[in-house]
Every structure is written in structure tokens, then in C-alpha cells.
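Structure first, then comments.
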Amino acid sequence: MSFYGKLRGDHEPRLESIARNLEVSLNAKGGYASAVEVYGLGRYDGHFATKPLLDELCAEMLGVVRSYEPRLLEPKLTLIGRDRGLWVRFALTGLVGGQSVTYHVFFHSVLRNVSVRRG
């Protein structure tokens, strides 16, 4: 169960709990989410060109996943593409309980919010 789930007293299934924790962690804005300055995304903002921005965003998102969702082992983030609605799509894969799982991560390129769905 995620940290946030424990606070709420939730007993949701593990894979859904991971998706919710990923979404909360990836939606946090660095320096604003808590007293911990490094929690959340935001260091990619210094990049304006498409390729460097996406490279830094991918690296930062993967770092957040590794730091704040230890139940997802060996995470890999793959850029899938973008759509007309300004969402950049990623596939996040890894192992949970020895089984391969996939999450779909959607990053809004203007609003900068993240949505995570189990794949």
C-alpha cells in the first residue's frame, strides 16, 4: 500500500495502489510539494527544445519512480508519442511481485499534470 493510502486507511489492490502513488508523486512540483525540496518534478523546465526537454523529463520521471515507488522494480520508461490533446504518452514497465506490469503515463505538455493508468 502506498504512503498516501496508509494515511487514508485504504485497502485497494496493490497494482491500483501503485498507480495512485505514481500519479501523486509525478504530479508533485519540485520545491512546492513538501518540506523536501527534491520531491516532485520540475527540473526539466530549463529546457525549451523538444529533444532535450523530453530527455530530461524522462530521466526526472524515472528518478521519481525509483525514489518514491519501491514496489515497482526495474522500472523502464518509454516515450510512446503525443496526441492532438497535447498529452505526451509514455509506457512505464517494471516488475511487481515477480510479474511484469505496464502503466500508461500521460503528461500534459501545457498544464504539466500527469495521469497514470494501469495497462
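The values are calculated or read from the model by the stated rules, or taken from the named source; none is laboratory data. This is a predicted model, so every value here is computed, not measured. A quick note on method: Cβ atoms are made from the backbone with ideal geometry, for glycine too, and the neighbour counts reach across all protein chains shown. To get the accessible areas, we keep the full protein, side chains included, count just its heavy atoms, and leave off ligands, DNA and RNA. Shrake-Rupley method; radii C 1.70, N 1.55, O 1.52, S 1.80 Å.
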Reported set for segment 61-119 where residues are in a strand (DSSP E or B), open to solvent by less than 50 Å² (accessible area, probe 1.4 Å) and under 15 Å from Arg20 (Cβ atoms) is Leu92, Val96, Val101, Tyr103, Val105, Phe106, Val114, Ser115, Val116
Of the residues in segment 68-101, those that are at pLDDT 95 or above, over 13 Å from the mean Cα position of the chain (by Cα) and of a type in the set (Asp, Glu) come to Glu74
Apart from one, (1) within 19 Å of Ser115 (Cβ to Cβ); (2) within 12 Å of the chain's Cα centre (by Cα); (3) at pLDDT 90 or above all hold for Leu57; the odd one out is (3)
Every listed condition ((1) of a type outside the set (Asp, Glu); (2) surrounded by fewer than 18 Cβ atoms within 10 Å (Cβ to Cβ); (3) at pLDDT below 80; (4) in contact with a strand residue (DSSP E or B) (Cβ under 6 Å, 6 or more places away or on another chain)) holds for Gly40 save (2)
